[in-house]
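Here's the structure we're looking at; comments come further down.
The values are calculated or read from the model by the stated rules, or taken from the named source; none is laboratory data. What you are looking at is a predicted structure, and each value in this text was computed from that prediction instead of being measured. Virtual Cβ from ideal backbone geometry, glycine too; neighbours counted across all protein chains shown. Accessible surface is based on the protein model in full, side chains and every heavy atom, while ligands, DNA and RNA are left aside. Shrake-Rupley method; radii C 1.70, N 1.55, O 1.52, S 1.80 Å.
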Amino acid sequence: MKYAFYPGCVAKGACPELKTATENMAKALSIELHELTDVACTGAGVVSEREPELADTLNARTFAMAEKMGLPLMNICSTCQGNMSHSSFRMQNDSNLLSRVNQTLSEENLKYTGNLVIKNLLWILVEDYGLDKLKQMVKKPLGKIKSAPFYGCYIIRPSWELGFNEHPQRNRYLEKVIEACGGEVVDYSGKDKCCGFPILTMNKKNSFAMSINHLSEAKTEGADCMVTPCPLCHLNLDANQPDMTSMAGHKINMPVLHLPQLVGLALGISPSDLGLEKNIIKTNEIIAAVG
């Protein structure tokens, strides 16, 4: 299994542990990653709202690079997946847009066909690698850990751009991966809601309130940790969690793991190779429970 690997901005900046964990997890699963370099941001909502065709062009440039390698594209960010899927959907359904985009790309001798397979790591684990095979690779089952899934917005909405017609269970994949790793899933209503990150700079109070609700609900339902495929959600739920204490009225203390960190623990990868020491909320109890 080979993929053109698009790490995204956050995994190369604010959450470098995500890239480390992904690469070491992929190595353990014999998934070959070929990192795309000299690529742009997906637009992250900001560019796509202001200049949608510019965002489409930026994404098409990345897609064309992956096509030139002859490989499907893998990302590790829900937001990247959402923006990439949106651009892909627009260009697949608007031949004039695709033509204009390719005219711009021709300056770099690039061309996008409109047919690239674009998948988040979560989808790849379930659809390409397979849950049965993943179960066979587990060395340290997560049976002593109760994990609360947190999807983030962009990997499940809008469903018609994210392949739900072909794969209607994509909004259950986190639960399936947790179970394949031998863990116990904690169900709660906030798992498919927004973490609040998109409004963080405009309305920190409401942004924090959203995260507090999700973290507190998951904890009330018995979760030992959260797991998310979105590094932007991770920033709000983990990195900003200490700043939420005064608003919450108590210390939440909920570890939040990146998806490859959770899977990596089950595969027996060392915590240091998963970058778990870089998580803001300490993961010591999770590591000890895995053994």
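I'd like the full set of residues that are closer than 14 Å to G82 by Cβ and of a type in the set (K, R), limited to region 148-195. Can you show your working first?
Taking region 148-195 as the starting set, the residues that turn out to be closer than 14 Å to G82 by Cβ are 151-164, 170-171, 192, 194-195.
Answer for region 148-195, where residues must be closer than 14 Å to G82 by Cβ and of a type in the set (K, R): R157, R170.
Could we say that T42 is open to solvent by 50 Å² or more (accessible area, probe 1.4 Å), in contact (Cβ under 8 Å) with a residue 40 or more places away in the chain and under 16 Å from the mean Cα position of the chain (by Cα) here?
Numbers: open to solvent by 50 Å² or more (accessible area, probe 1.4 Å): no; in contact (Cβ under 8 Å) with a residue 40 or more places away in the chain: yes; under 16 Å from the mean Cα position of the chain (by Cα): yes.
Spelling it out, it is not the case that T42 is open to solvent by 50 Å² or more (accessible area, probe 1.4 Å), in contact (Cβ under 8 Å) with a residue 40 or more places away in the chain and under 16 Å from the mean Cα position of the chain (by Cα).
Which ones in region 230-253 are farther than 13 Å from S211 by Cβ, in contact with a helix residue (DSSP H, G or I) (Cβ under 6 Å, 6 or more places away or on another chain) and open to solvent by 10 Å² or more (accessible area, probe 1.4 Å)? Can you show your working first?
Here is the first cut: in region 230-253, the residues farther than 13 Å from S211 by Cβ are 231, 246, 249-251, 253.
Next, only the ones that are in contact with a helix residue (DSSP H, G or I) (Cβ under 6 Å, 6 or more places away or on another chain) stay: 231, 251.
Of everything in region 230-253, just one residue is farther than 13 Å from S211 by Cβ, in contact with a helix residue (DSSP H, G or I) (Cβ under 6 Å, 6 or more places away or on another chain) and open to solvent by 10 Å² or more (accessible area, probe 1.4 Å), namely K251.
Does K146 qualify as being open to solvent by 10 Å² or more (accessible area, probe 1.4 Å), closer than 24 Å to P271 by Cβ and in contact with an Asp or Glu (Cβ under 6 Å, 6 or more places away or on another chain)?
Details: open to solvent by 10 Å² or more (accessible area, probe 1.4 Å): yes; closer than 24 Å to P271 by Cβ: yes; in contact with an Asp or Glu (Cβ under 6 Å, 6 or more places away or on another chain): yes.
Against the criterion (open to solvent by 10 Å² or more (accessible area, probe 1.4 Å), closer than 24 Å to P271 by Cβ and in contact with an Asp or Glu (Cβ under 6 Å, 6 or more places away or on another chain)), K146 qualifies.
Which strands (runs of 3 or more DSSP E) sit wholly inside region 52-157 and have at least 2 residues that are more than 29 Å from S216 (Cβ to Cβ)? Before you say what the answer is, go through the steps one by one.
Values: elements: 73-75, 118-120, 146-149.
So the answer is 73-75, 118-120.
Among the residues that make up region 103-113, is at least one of them at pLDDT 95 or above and open to solvent by less than 10 Å² (accessible area, probe 1.4 Å)? Quick ask: steps written out before the conclusion?
Residues of region 103-113 that are at pLDDT 95 or above, as a first pass: 103-113.
Next, only the ones that are open to solvent by less than 10 Å² (accessible area, probe 1.4 Å) stay: 105, 112.
Yes - at least one qualifying residue is present in region 103-113.
Return the only residue of M65, M69, M84, M91 being more than 24 Å from A266 (Cβ to Cβ), in contact (Cβ under 8 Å) with a residue 12 or more places away in the chain and touching a His at 6+ places or on another chain (Cβ under 8 Å). Step through it out loud before you land on a result.
Values: M65 fails: touching a His at 6+ places or on another chain (Cβ under 8 Å); M84 fails: touching a His at 6+ places or on another chain (Cβ under 8 Å); M91 fails: touching a His at 6+ places or on another chain (Cβ under 8 Å).
When all the criteria are applied, what remains is M69.
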